[in-house]
Every structure is written in structure tokens, then in C-alpha cells.
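Asker: So that we are looking at the same thing, I have put the structure below in C-alpha cells.
The values are calculated or read from the model by the stated rules, or taken from the named source; none is laboratory data. In this text the structure is predicted, and so the values were computed from the model without any measurement. With ideal geometry, Cβ positions are generated from the backbone for all residues, glycine too; neighbour counts draw on all protein chains shown. SASA here: full protein model, heavy atoms, side chains in, ligands and nucleic acids out. Shrake-Rupley method; radii C 1.70, N 1.55, O 1.52, S 1.80 Å.
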Amino acid sequence: NRDAVAVLEVFLILPPNARGTNIYLLHALKNDVVNVLREQENPPPGLPDTLIKIYRDRAQDGVLRDYALQRLAAQDSPSAAP
């Protein structure tokens, strides 16, 4: 539902807190969340904007910014269509 998607999108755009965060697990979790959202029968229409926000946000970890760019490119790629 839209409320759950909105919560996930907020989670995705929050920059990592360096203190007490296992950054590798955070990378994996956020990557999994994006993949699940992309694989929905009707992907959330705001997902591309969320990915762009992550990529443009210099406070984000470089790996997360790269993931966002890769997923955005894959979403627009004709080979990414089911």
C-alpha cells in the first residue's frame, strides 16, 4: 500500500548514521528494498525520484549513490522489462 511504500522511500533516502551502523548490512538492506519495489507488478511511481534524490545527495554513502544510479539506469533500460 502507499503508506508502506512511503515509509520505505523515507528509509531509502535517509543518509547512514556512521555511529553504530554496519554499513555493509545497510547497503544490502537498501539494495534489497529497491529491488523489491522495482519488481512489484506496479512499481511505485515515485521510485525514480527517490533514486535520483539518493544519487544527488552528497551525504549519502558512495556505494548507495552508485546503487541508486545503477537501479535507475536498469529501470529505464529496455532489457530490464519483464
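Asker: Can you pull out the residues in segment 20-36 that are of a type outside the set (A, V, I, L, M) and assigned to a helix (DSSP H, G or I)?
Answerer: Correct list: Y24, H27, K30, N31, D32, N35.
Asker: So is K53 open to solvent by 60 Å² or more (accessible area, probe 1.4 Å), under 16 Å from L69 (Cβ atoms) and either in contact with a Phe, Trp or Tyr (Cβ under 8 Å, 6 or more places away or on another chain) or in contact (Cβ under 8 Å) with a residue 24 or more places away in the chain (or both) or not?
Answerer: It is true that K53 is open to solvent by 60 Å² or more (accessible area, probe 1.4 Å), under 16 Å from L69 (Cβ atoms) and either in contact with a Phe, Trp or Tyr (Cβ under 8 Å, 6 or more places away or on another chain) or in contact (Cβ under 8 Å) with a residue 24 or more places away in the chain (or both).
Asker: When the residues of segment 20-47 are narrowed to those that are under 21 Å from R2 (Cβ atoms) and polar (S, T, N, Q), which ends up most open to solvent (accessible area, probe 1.4 Å)?
Answerer: Out of the qualifying residues, it is N42.
Asker: Further question on the same structure: Take the residues in segment 8-19 that are within 13 Å of R65 (Cα to Cα) and in a loop (DSSP other than H, G, I, E, B); name whichever of them is least open to solvent (accessible area, probe 1.4 Å).
Answerer: Looking at residues that are within 13 Å of R65 (Cα to Cα) and in a loop (DSSP other than H, G, I, E, B), I get P16.
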